[in-house]
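Below you'll find the structure I mean.
The numbers here are math on the coordinates, done by the rules we state, and not lab data. Quantities reported herein were computed from a predicted structural model and do not represent experimental measurements. Quick reminder, even Gly has a Cβ in these numbers, built from the backbone with ideal geometry, and neighbours come from all protein chains shown.
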Amino acid sequence: MDLTLDNLPEDVLTVIFLNLTMGDAISLYKIRNKNLRSAIQKTKFDFFHQFMPKLITVTQFRSIFKNAIGIKIDLFNGTQTFTDSDLECIIPKNLYGEPIKGIRVFLDHCNTITDNQLKYFKGVHTLELFGCKTNISDIGWEYLRGIHTLKIANSNITDSGLQYLRGIHTLNIQYCANITDTGLQYLRGIRALNIDSCDNITDTGLQYLSGIHILNINNCLKITNDGLKYINGIHSLSILNNSHFCNFNITDDGLKHLGDNIHTLKISQCDITDDGLKYLGTLPNLMHLNYWGCTNTTSIGRMYTKNIKHINKFF
């Protein structure tokens with residue numbers, strides 16, 4: 001029997017589709033073949049905005065992706081201006097007019113995005129707005145209530161904006177200079193948080209993060225040993241400081257607040273000694289340790305960490 005689109009099983013068609021470019025996939029979709037269309041609709045894939053809406057109409061676009069999951073949209077637009085119509089077309093919807101499940105959107109330096117345009121991303125799973133801060137204020141974040149993952153490094157968000165992000169799973173607000181301890185109270189229960197270089201965060205803010213799984217407090221020089229006691233059940237912690245600053249507020253006593261759940265620890269430019277390394281060597285689940293610039297440690301201290309599976313040390 002000859003193999004044609006009509007008799008190929010759906011799983012085979014799916015494998016074929018995974019190796020096609022988006023342009024070819026769109027062309028194939030126009031072929032009236034039930035099996036082929038089903039395979040396209042059920043396949044996870046990444047796509048880029050230049051394929052639409054130039055090649056297909058909005059109706060065709062939504063039809064293709066109405067049952068898809070895990071779609072990733074990369075919009076590296078620089079100075080390009082997005083209109084409301086552009087954004088409405090870019091985000092594929094299901095039959096109920098809602099963003100399809102698991103959609104992820106990445107916008108790089110889209111300084112023309114406004115508060116009102118954030119409404120087109122309502123319901124997406126992940127949104128990354130790197131360097132997109134010129135026209136977005138705290139009011140705009142209200143459209144993103146219920147979002148799973150949001151990355152808005154170097155944005156103008158303030159404590160007031162964080163109130164709209166209650167219940168979020170993963171948040172990256174590194175270099176957001178307007179965030180203070182007060183804003184962190186809205187993030188109770190968060191799973192993963194990056195507050196790298198948020199200079200105004202102190203120990204007081206960490207009390208709202210009890211139970212957090214992953215935390216990045218790089219270059220948060222106002223955090224001390226006392227702050228670490230609030231996150232003693234943490235899984236992954238990063239306390240890296242750049243070569244120009246040393247956080248002498250983190251010492252051996254601070255490390256002792258880290259409980260048995262700690263799996264990954266990155267630490268640098270802190271005032272820890274061999275005694276601190278000795279304690280880390282006793283933690284049963286610590287599998288990854290990265291430390292550098294800790295000049296008060298010696299070869300004796302490093303011997304205490306020999307049983308840690310993955311260790312990187314620089315001096």
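Tell me whether the range 190-315 comes out rounded, prolate or oblate; compute the Cα gyration tensor, take square roots of the eigenvalues as a ≥ b ≥ c, and use a/c under 1.5 as the rounded threshold.
Working: a/c = 1.77, a/b = 1.28, b/c = 1.39.
The shape class here is oblate.
Considering only the other residues whose Cβ falls under 9 Å of the Cβ of ASN200, what net charge follows from Lys and Arg at +1 and Asp and Glu at -1?
On the way: positive: LYS222; negative: ASP181, ASP199.
Taking every other residue near ASN200 into account, the sum is -1.
Also, quick follow-up: Give the residues of the range 161-181 whose amide nitrogen is closer than 12 Å to a point set 7 Å from the Cα of HIS148 in the direction of its Cβ.
From the range 161-181, the list is 169-170.
Lys and Arg at +1, Asp and Glu at -1: add these up for the other residues within a Cβ distance under 14 Å of THR224 and post the number.
Numbers: positive: LYS222, LYS229, LYS256; negative: ASP181, ASP203, ASP226, ASP252, ASP253, ASP271.
Counting the neighbours of THR224, the net charge comes to -3.
Also, quick follow-up: Can you list which of the trypsin sites (Lys or Arg not before Pro) found in the range 240-315 are DSSP loop residues with at most 12 other C-beta atoms within 10 Å?
Numbers: sites: LYS256, LYS266, LYS278, ARG302, LYS306, LYS309, LYS313; in loops: LYS256, LYS306, LYS309.
Those satisfying the criteria are LYS306, LYS309.
Between ILE308 and THR114, what is the label-point separation in nm under the 7 Å Cα-to-beta-carbon projection?
Roughly 5.1 nm, to one decimal.
To continue, here is another question. Which shape class applies to the range 76-232: rounded if a/c is under 1.5, otherwise prolate when a/b exceeds b/c and oblate if not, where a ≥ b ≥ c are the square roots of the Cα gyration tensor eigenvalues?
On the way: a/c = 2.50, a/b = 1.76, b/c = 1.42.
Prolate shape, in that a/c is at least 1.5 and a/b is the bigger ratio.
Same structure again: Report the net charge of residues surrounding LYS119, where surrounding means a beta-carbon distance below 12 angstrom and charges are Lys +1, Arg +1, Asp -1, Glu -1. Write down the numbers at each step before the final one.
Working: positive: LYS122, ARG145; negative: ASP84, GLU88, ASP115, GLU142.
It works out to a net charge of -2.
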